[in-house]
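The values are calculated or read from the model by the stated rules, or taken from the named source; none is laboratory data. From a predicted model like this one, the values you see are computed outputs, not experimental measurements. Reconstructed Cβ throughout: ideal geometry from the backbone, glycine too, with neighbour counts over all protein chains shown. Just the protein is used for accessible areas: all its heavy atoms, side chains included, with ligands, DNA and RNA removed. Shrake-Rupley method; radii C 1.70, N 1.55, O 1.52, S 1.80 Å.
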Amino acid sequence: MSYKLYKKLLSLCFLVFASIPLGLAQQVSVDSLRNLLPSLNSESRVDVLNQLGTELRERSQQEAMDYSFEADSIAKEIQYLSGEARAKENIGWINYRRGKWQTAFEYSETAFGLATQINDSLQIARILNNIGALYFEQQNFKMALLQFQNAYDAVEGKDDLYTQIRSLNNLAYIYSQLGNYDSALFFAKKAININEASGSPYLTSFSNRVIGDVYLSQGYLDSASIIFENSLDMARRQGLSTTLASVMHRLGDTYLRKGELDKAEAILLEGVEVSKANNFRDELAKSHKYLAELYEQKGNLRMSLQHLNSYVSINDSLTNKMNQDRISLMQGMFQDNLEKSEVELLKAQNQNQADRLAFINRIVWIMSIAAIIVLVLGFWVVKFNLDIRKINADLVAQQQKIASQNADLERKSEQLQTINETKNKLFSILSHDLKGPIASVKGLIDMTVGGDISQEEFFEILNTLKKDVDSVHFTLSNTLNWSLSQMEGFKLNPVKVNLNSLFKNTEHLLSRQIQSKSLHIKNELPEDLDLMIDQDLIEVVMRNILSNAIKYSPENGVIRSFIKENQSSLIWCVEDEGKGVNPEQISQILREDYSITQSKPGTQKEKGSGLGLQVCKEFVRMVDGNLSIENISGKGARVCVHFPASLLIRETNSVYS
């Protein structure tokens with residue numbers, strides 16, 4: 001089929017929708033485009049594939065992705081830059097909707113380069129909306145606002161009403177998130193006015209949702225419920241599942257605030273089903289949250305707690321994923337900027353070398369001519385040769401400097417990767433080990449303040465909460481001590497410390513854990529064993545090692561503390577009767593650099609952070625000692641601290657063995 005014939009068919013297909021770029025009579029438009037595909041090839045096929053990708057990306061993502069990939073492949077093969085840019089913009093947006101932000105950024109960046117190369121302002125505006133959404137997820141609201149405003153400026157007054165409305169909606173949404181409600185209402189209403197000409201139901205329902213958010217934030221509950229109901233009705237009629245899920249929990253919250261509990265319950269339960277069916281985890285978490293509040297108001301504490309637990313579980317998972325995705329996106333943007341800087345540096349260096357080589361060639365040429373013409377200029381030839389040698393030496397020095405800079409960049413990149421891995425593990429510790437217990441304490445306090453729990457029930461739960469809070473306190477102490485050791489913030493203050501007395505104090509501090517397992521502690525340390533050492537340091541080391549032994553000891557087990565001495569070291573050891581330590585984990589703990597290992601649950605499911613033995617290792621090294629871990633033949637593990645013999649205060653000639 002010729003391109004002219006394709007144009008006639010496409011015009012006939014869209015004759016009914018002359019002023020509508022996207023959205024109106026979507027199914028009819030999609031079916032018409034599908035019917036055109038078999039008869040098209042080359043650029044005309046790419047255009048229809050891209051149109052299908054744009055039409056379907058909010059309703060059928062996989063189908064839209066398939067059309068967009070085909071369009072991208074054909075466009076690259078025939079070098080159709082405009083079609084390739086449109087296809088990559090669609091792929092980037094679908095990846096954004098799926099939460100793959102780094103992939104979305106890469107496709108959007110490539111699409112932006114292609115659109116800029118051909119000066120396609122409409123395509124640039126579409127891509128700027130994508131990039132603005134990525135900046136929003138990165139919580140860089142200033143840059144997101146700038147991208148949305150630039151997108152609207154690029155498309156204002158053009159025929160692409162869809163992109164105009166999308167840009168206005170994005171401006172309205174970000175202003176609502178920033179609390180600038182007047183600006184949010186201005187842009188949302190402007191989008192609705194323009195939308196009357198295009199008739200896109202998805203964009204209208206989004207605009208109404210933003211207006212509803214503003215009214216809800218300002219406390220205009222009746223207006224908010226009317227707006228949300230209109231938006232929901234549009235979404236139902238068009239089968240827009242993303243809008244359905246996002247509006248349902250908002251409308252449920254509005255009904256809840258108005259005291260219309262039955263309406264709230266019905267719409268929130270429907271929202272749960274829609275979110276589950278489409279795997280909309282953020283909307284699902286919010287629906288569970290409002291259902292927990294609703295059932296609490298109805299006095300159904302069992303259902304309230306059930307939905308609260310679902311909310312906490314899903315929200316924790318989303319928070320972790322969002323943090324990881326934000327870090328990945330920030331790292332990707334940083335790496336992209338770094339690579340661009342390196343390329344620019346190499347270009348400048350290559351240009352400099354080329355200029356120098358050109359200069360050398362000119363000098364050689366001039367001197368060759370001069371040598372042929374006048375032998376008298378031999379003196380000048382020698383001088384110029386010396387200059388050339390100096391220039392070559394400078395070039396060698398420049399190359400060596402560049403090589404050194406490249407090695408330094410590579411080393412810093414490896415350090416950054418290590419730091420990011422450690423940071424991610426610390427985030428995981430703080431998220432999983434701290435957030436759960438704190439949420440439980442808050443829930444108990446809320447129920448107590450609200451009078452939803454009796455005094456007997458309160459004290460029954462209190463012991464469990466105390467155990468969780470003790471675990472949180474221990475995790476925070478270890479995290480702080482480890483951080484101080486890494487930042488060289490721990491200063492040594494050696495004093496005389498009696499090891500036997502210190503062990504007894506530590507045993508007393510951990511007496512509740514010892515009693516809960518009916519453990520027997522065998523303290524074989526001499527009464528007169530004194531060390532010249534920092535007391536805070538040895539207290540942290542002793543508490544972590546004894547706590548670890550308690551954690552992995554079975555009920556009615558025995559923990560033994562004893563001392564050994566050789567010519568160069570004083571060795572304090574703790575033995576338990578647990579299952580021992582995996583050899584691979586021992587290797588990770590004792591490696592030269594720091595490594596936060598995954599802590600295994602204790603015999604009573606006690607939690608840990610994986611930092612305890614790392615803190616011991618770092619602190620013992622501060623006094624020129626070292627840590628050893630070994631499994632006892634048959635049963636249990638032995639953890640030993642090797643102190644330099646110079647730390648021992650000898651008041652007698654006794655030798656401990």
Given a Förster distance of 45 angstrom, what is the FRET efficiency for R621 paired with L269, based on the Cβ-Cβ distance and rounded to 0.05? 0.20
If I take every Cα pair under 8 Å that is 6 or more residues apart in segment 269-313, average their sequence separation and divide by the length, what percent do I get for the relative contact order? 34
If you put +1 on each Lys and Arg Cβ and -1 on each Asp and Glu Cβ, how big is the dipole of segment 58-165 around its Cα centre, in Debye rounded to 20? 300
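Give the relative contact order (percent, whole number) for segment 29-119; include only Cα pairs under 8 Å separated by 6+ residues.
23
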Spatially proximal aspartates and glutamates relative to K190 (Cα-Cα < 19 Å; intrachain offsets below 8 disregarded): D153, E156, D159, D160, D182, D213
Identify, among V639, S568, L531, the residue whose Cα sits farthest towards the positive end of the charge dipole of segment 491-652, taking +1 on the Cβ of Lys and Arg and -1 on the Cβ of Asp and Glu, with the dipole about the Cα centre. V639
Toy charge model, Lys and Arg Cβ at +1, Asp and Glu Cβ at -1: segment 29-119 dipole around Cα centroid in debye, rounded to 20, equals 220
Would you be so kind as to identify which of S60, G83, N41 lies farthest towards the positive end of the dipole of segment 29-119, taking Lys and Arg as +1 and Asp and Glu as -1 on Cβ and the Cα centre as origin? S60
Roughly how much of T448 is accessible, in Å² to the nearest 10, using a 1.4 Å probe? 60
First measure r as the distance between the Cβ atoms of R34 and R98, then evaluate 1/(1 + (r/R0)^6) with R0 = 30 Å and state the FRET efficiency to the nearest 0.05. 0.80
Dipole in debye (nearest 20) - segment 491-652, about Cα centre, beta carbon charges: Lys, Arg +1; Asp, Glu -1: 540
Of K496/K564; K263/K289; K88/K412, which sit over 22 Å apart, Cα to Cα? K88/K412
Euclidean distance between Cα centres, segment 131-148 to segment 300-318, Å: 31
A student applying the Cα gyration tensor rule (rounded when a/c is under 1.5; otherwise prolate if a/b is larger than b/c, oblate if not) would label segment 29-119 oblate
Rank these by accessible area, largest first, 1.4 Å probe: K190, K600. K600, K190
Which residue, chosen from V620, S599, N548, occupies the Cα position most advanced towards the positive end of the dipole of segment 526-621, where the dipole is computed from +1 (Lys, Arg) and -1 (Asp, Glu) charges on Cβ about the Cα centre? S599
Return a whole-number percent for the relative contact order of segment 106-252, with Cα pairs under 8 Å and 6 or more residues apart as the contact set. 15
So if R0 is 45 Å, what FRET efficiency would L178 and H508 give, r being the distance between their Cβ atoms, rounded to the nearest 0.05? 0.25
If I stretch the segment between E527 and E630 completely, what's the gain in nm (0.36 nm per residue apart, minus their alpha carbon distance), one decimal? 34.4 nm
Take every DSSP beta bridge with both residues inside segment 491-652 and express the antiparallel ones as a percent of the total, to the nearest 5. 85
